[in-house]
Amino acid sequence: MVYRAHVLISGEPRCLAKGAQEVERALLTRLHELRIADEVQVVEVGSLGHGEQGPELVIYPEGTHYVNLTPEDAALIVEEHLLKGRPVEKLRYQEPPSEPLPPPSPKEIRVVLKNVGKIDPENIEDYIICDGYEALAQALTEMTPEEVIAELQVSGLRGRGGAGFPTWLKWSFARKADGDKKYLICNGDEGDPGAFMNRRVLEGDPHAVIEGMVIAAYAIGAQQGYFYVRAEYPIAIHTLRVAIQQARDYGLLGKDIFSSGFDFDLEIRMGAGAFVCGEETALMQSIEGERGMPRTRPPFPAVSGLWGCPTNINNVETYANVPQIIRKGGAWFASMGTEKSKGTKTFAIAGKVKRTGLIEVPLGITLREIVYDIGGGILNDKKFKAVQTGGPMGGCIPEQYLDLPVDYETLASVGSIMGSGGFVVMDEDTCMVDIARFFMEFTQDESCGKCTPCRVGTRRMLEILDNICEGKGQPGDIERLETLAGYVTAGSLCGLGQGAPNPVLSTIQHFRDEYEAHIYDKKCPAKVCKGLIEYIIDADACIGCTRCARNCPVNAITGKPKEVHVIDPEACIRCGICKQVCPVEAVHVE
């Protein structure tokens, strides 16, 4: 059926909590009342990029983006936009400070995200119309498994889960491994703080991942596959369940796919939120019903993986690239990117940047282009300080490296990693010691505890960082952190422990002066660490309104109305409420 308009409504948790379902019902009701329901397709999708301003929806073909909607707004949109063709300007998404939403950056190239937000993820026919499953038919009926792997080799695709291992080589190892039964796993256990790349693909284009997995299974000779998705992604899990059943109904999963004699089926396994289960051997332990803890390697999963059988594991983005590589050719994919880092990469831009969200860019693009051309620059036009790539095991990259290309080798050369695609931007108000402490606290809390270097070493490093941020740092603490980091990196069993010191080491390397200020001067240059700052009321500016005293949770402020107020530094807990409520900005941080 041909529709003159498509309405995509976000069903992500933040939007649902704000009444997205009521907005959708109101929109559908008004469409029926005006007798135009047959002309407009309404589709619930995952995130549309601005769930913090939800409920939100986008209307195509115009691409008009509406946010902060109520049921009454939905009815108005139907009456004005969908019936009369007049966009409702007051409801459109606006970039601060009230600038219209810019068009997609020409620097983006969408391969993995080409269908996301444009098709109904729960309608397999939408995917098929967009050339879906053509690559699978081509692989099963026209190519041998070896030819599929060879095409991946030409493409230069590397694993998008973090390590960047050549995909074709990984598949080749599993293909050559001895075993009557082989398994295939999709790692959707995305646990990096601020990361949402895999979730967005699973919610918006699940069939692309399924198709890529079936092609991979054919290449290595696997009969059974598993999606491992964290339980915190309920929409992604629901969408996957629908897509898997649709693929079975269409004969694209199960027995004798495309009459080729090849059998393959998929199941979903939900993770319980343990970050360490993103590591492939811990993930397999979890699927097997054991506690998610890493195994020693070798043997590697390609030789002895799930239940001791040869197993291939890639992440969501890696598999989603495969159908287009097979359909368009490895050379097409290799034409994008750099000599060693081919193709595109998705990134979740977060932090102190004007335009946050999910992007896909060719590898080799510079950090500056991502931050300023695509991200719009630093929030409130403050000064850029650093960007942290690669999630909790990544590193912090300072301003001097903004013009470096984003690829696996270059990021590693400055103390960071590509990771799965986390991209956290920091401005001049960020304390880099506090950032190091934040990520160390995360990885220490997520350590499974199996090996001593990670279990004990990260705890000791966190204790030192806590002391430094609380004003209790001692001479030699920087050197102690570097020594401990070496032990943790060299002795840990899996990637979590091996990469845990990276944020600390990179901040010491690039921002050593901030550590020294904390330790020797007992000052936090960014005025963030509570143990090293003091709130003071400017006597010349204070008007004695008593607002600070009335809002202080510990009664640390004294003063009569219309008289200068004073903060007791011994009683003050550095919560900052006094500074927030002062109408004349008389409260300062020293």
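The values are calculated or read from the model by the stated rules, or taken from the named source; none is laboratory data. The shown structure was predicted, so the numbers you read here are calculated from the model rather than taken from an experiment. Note that each Cβ is placed from the backbone with ideal geometry, even for glycine, and that neighbours are counted across all protein chains shown.
Report, ordered by the first and then the second residue, all pairs with beta carbons closer than 6 Å, sequence separation of six or more or different chains, a first member in segment 3-17 that is touching a residue at least 24 places away in the same chain (Cβ under 8 Å), and a second member that is part of a helix (DSSP H, G or I).
What qualifies is Arg4/Glu39; Ala5/Leu82; Ile9/Glu24; Gly11/Ile235; Glu12/Gly51; Arg14/Gly51; Cys15/Gly51.
Checking Phe333 against (1) at pLDDT 95 or above; (2) in a strand (DSSP E or B), which test does it fail?
(2)
Quick check on segment 382-417: of everything there that is of a type in the set (A, V, I, L, M, F, W, C) and closer than 14 Å to Ala163 by Cβ, which residue is farthest from the chain's Cα centre (by Cα)? If you could, list the steps in order and put the result at the bottom.
Keep residues of segment 382-417 that are of a type in the set (A, V, I, L, M, F, W, C), which gives 384, 386-387, 393, 396-397, 402, 404, 406, 411-412, 414, 417.
Next cut, closer than 14 Å to Ala163 by Cβ only: 393, 411-412, 417.
Details: Met393: 14, Leu411: 18, Ala412: 19, Ile417: 14 Å.
Among those residues, the one meeting the criterion is Ala412.
From Ile557, Ile537, Ile508, grab the single residue that is within 21 Å of Gly471 (Cα to Cα) and either buried (at least 17 other Cβ atoms within 10 Å of the Cβ) or touching a residue at least 40 places away in the same chain (Cβ under 8 Å) (or both). Explain how you work it out, then say what you get.
Numbers: Ile557 fails: within 21 Å of Gly471 (Cα to Cα); Ile537 fails: within 21 Å of Gly471 (Cα to Cα).
Answer to the selection: Ile508.
Residue pairs, Cβ under 8 Å, 6 or more apart or interchain, first in segment 29-58 and farther than 30 Å from Ala350 by Cα, second of a type in the set (Gly, Ala, Ser). List them.
From residues that are farther than 30 Å from Ala350 by Cα, the pairs are Thr29/Ala75; Arg30/Ala74; Arg30/Ala75; Leu31/Ala37; Glu39/Ala5; Val40/Ala5; Gln41/Ala5.
Which of the residues that make up segment 554-565 are in a loop (DSSP other than H, G, I, E, B) and not polar (S, T, N, Q)?
Val554, Ala556, Gly559, Lys560, Pro561, Lys562, Glu563, Val564, His565
Could you list, in sequence order, all residues of segment 476-496 that are at pLDDT below 90 and crowded, with 21+ Cβ neighbours inside 10 Å?
Kept after step one, since they are at pLDDT below 90, are these residues of segment 476-496: 493-496.
Answer for segment 476-496, where residues must be at pLDDT below 90 and crowded, with 21+ Cβ neighbours inside 10 Å: Leu493, Cys494, Leu496.
Being closer than 23 Å to Lys345 by Cα and acidic (Asp, Glu) is the filter here; which residues of segment 194-252 pass it?
Hits for segment 194-252 are Glu203, Asp205, Glu211.
In segment 393-432, what residues are in contact with a Phe, Trp or Tyr (Cβ under 6 Å, 6 or more places away or on another chain), buried (at least 21 other Cβ atoms within 10 Å of the Cβ) and not in a loop (DSSP other than H, G, I, E, B)? Full working, then the answer.
Restricting attention to segment 393-432, the residues satisfying the condition of being in contact with a Phe, Trp or Tyr (Cβ under 6 Å, 6 or more places away or on another chain) are 399, 414, 418, 421, 423, 432.
Restricting the remaining residues to those that are buried (at least 21 other Cβ atoms within 10 Å of the Cβ) gives 418, 421, 423, 432.
Phe423, Met432 - these are the residues of segment 393-432 that are in contact with a Phe, Trp or Tyr (Cβ under 6 Å, 6 or more places away or on another chain), buried (at least 21 other Cβ atoms within 10 Å of the Cβ) and not in a loop (DSSP other than H, G, I, E, B).
Yes/no per residue for (1) out of contact with any Phe, Trp or Tyr (no Cβ under 7 Å at 6 or more places or on another chain); (2) not aliphatic (A, V, I, L, M):
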position	(1), (2)
Leu266	no, no
Glu279	yes, yes
Glu288	no, yes
Ala320	yes, no
Ile359	no, no
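Which ones in segment 1-27 are of a type in the set (A, V, I, L, M), touching a strand residue (DSSP E or B) at 6+ places or on another chain (Cβ under 6 Å) and under 18 Å from Pro71 (Cα atoms)?
If the condition is that a residue be of a type in the set (A, V, I, L, M), touching a strand residue (DSSP E or B) at 6+ places or on another chain (Cβ under 6 Å) and under 18 Å from Pro71 (Cα atoms), then Val7, Leu8, Ile9 are the ones that fit.
For segment 260-310, name all the residues that are of a type in the set (S, T, N, Q), under 30 Å from Thr144 (Cβ atoms) and without any contact (Cβ under 8 Å) to a residue 12 or more places away in the chain.
Once the filter is applied, which keeps residues that are of a type in the set (S, T, N, Q), under 30 Å from Thr144 (Cβ atoms) and without any contact (Cβ under 8 Å) to a residue 12 or more places away in the chain, segment 260-310 yields only Ser304.
Which condition does Ala412 not pass, out of (1) touching a helix residue (DSSP H, G or I) at 6+ places or on another chain (Cβ under 8 Å); (2) free of Cβ contacts under 8 Å to residues at least 60 places away in the same chain, if it passes all the others?
Only one criterion is unmet by Ala412, namely (1).
Residues of segment 207-238 being assigned to a helix (DSSP H, G or I), crowded, with 24+ Cβ neighbours inside 10 Å and β-branched (Val, Ile, Thr), which ones?
Val209, Ile210, Val214, Ile215, Ile220
So, Ile149, is that one at pLDDT below 95 and surrounded by 16 or more Cβ atoms within 10 Å (Cβ to Cβ) or not?
Details: at pLDDT below 95: no; surrounded by 16 or more Cβ atoms within 10 Å (Cβ to Cβ): yes.
So Ile149 does not fit the description; no.
Restricting attention to segment 380-399, and to residues there that are of a type outside the set (Gly, Ala, Ser) and in contact (Cβ under 8 Å) with a residue 60 or more places away in the chain, which single residue is farthest from Gln509 (Cα to Cα)?
Ranking the candidates gives Pro392 first.
Considering only segment 328-343, state which residues are surrounded by fewer than 17 Cβ atoms within 10 Å (Cβ to Cβ) and of a type in the set (Lys, Arg).
Listed by number, the residues that qualify are Lys328, Lys340.
Take Ala517 and tell me if it is surrounded by 17 or more Cβ atoms within 10 Å (Cβ to Cβ), out of contact with any strand residue (DSSP E or B) (no Cβ under 9 Å at 6 or more places or on another chain), free of Cβ contacts under 8 Å to residues at least 12 places away in the same chain and hydrophobic (A, V, I, L, M, F, W, C).
Working: surrounded by 17 or more Cβ atoms within 10 Å (Cβ to Cβ): yes; out of contact with any strand residue (DSSP E or B) (no Cβ under 9 Å at 6 or more places or on another chain): yes; free of Cβ contacts under 8 Å to residues at least 12 places away in the same chain: yes; hydrophobic (A, V, I, L, M, F, W, C): yes.
So Ala517 passes the test.
Quick one: which residue in Glu288, Glu279 is in the same structural domain as Glu146 (by TED's automatic domain parsing), surrounded by fewer than 22 Cβ atoms within 10 Å (Cβ to Cβ), closer than 26 Å to Pro206 by Cα and out of contact with any Lys or Arg (no Cβ under 9 Å at 6 or more places or on another chain)?
Details: Glu279 fails: surrounded by fewer than 22 Cβ atoms within 10 Å (Cβ to Cβ).
Exactly one residue qualifies, and that residue is Glu288.
Look at Leu363 and say whether it is within 30 Å of Ala137 (Cβ to Cβ) and assigned by TED's automatic domain parsing to the domain that holds Pro405.
Yes: the conditions hold for Leu363.
Determine whether Asp445 is out of contact with any Cys (no Cβ under 9 Å at 6 or more places or on another chain) and over 19 Å from Ala195 (Cα atoms).
On the way: out of contact with any Cys (no Cβ under 9 Å at 6 or more places or on another chain): yes; over 19 Å from Ala195 (Cα atoms): no.
In short, no.
All but one of (1) of a type outside the set (D, E, K, R); (2) more than 17 Å from Thr507 (Cβ to Cβ); (3) not assigned by TED's automatic domain parsing to the domain that holds Lys382 hold for Thr458; state the number of the condition that does not hold.
In the conditions (1) of a type outside the set (D, E, K, R); (2) more than 17 Å from Thr507 (Cβ to Cβ); (3) not assigned by TED's automatic domain parsing to the domain that holds Lys382, Thr458 misses (2) alone.
Please specify each residue of segment 293-312 satisfying the condition of being crowded, with 24+ Cβ neighbours inside 10 Å and in contact with a Lys or Arg (Cβ under 8 Å, 6 or more places away or on another chain).
Matches in segment 293-312: Pro294, Pro310, Thr311, Asn312.
Taking into account only those residues within segment 516-553 that are assigned to a loop (DSSP other than H, G, I, E, B) and among the acidic types (Asp, Glu), which is farthest from Ile478 (Cα to Cα)?
Asp540
If the requirement is being of a type outside the set (S, T, N, Q) and over 29 Å from the mean Cα position of the chain (by Cα), which of these qualifies: Gly225, Gly251?
Gly251
Taking Phe439 as meeting all but one of (1) in a helix (DSSP H, G or I); (2) in contact with a Ser or Thr (Cβ under 7 Å, 6 or more places away or on another chain), write down the number of the exception.
(2)
Within segment 124-134, how many residues are in contact (Cβ under 8 Å) with a residue 40 or more places away in the chain and within 16 Å of Thr239 (Cα to Cα)?
The total comes to 2.
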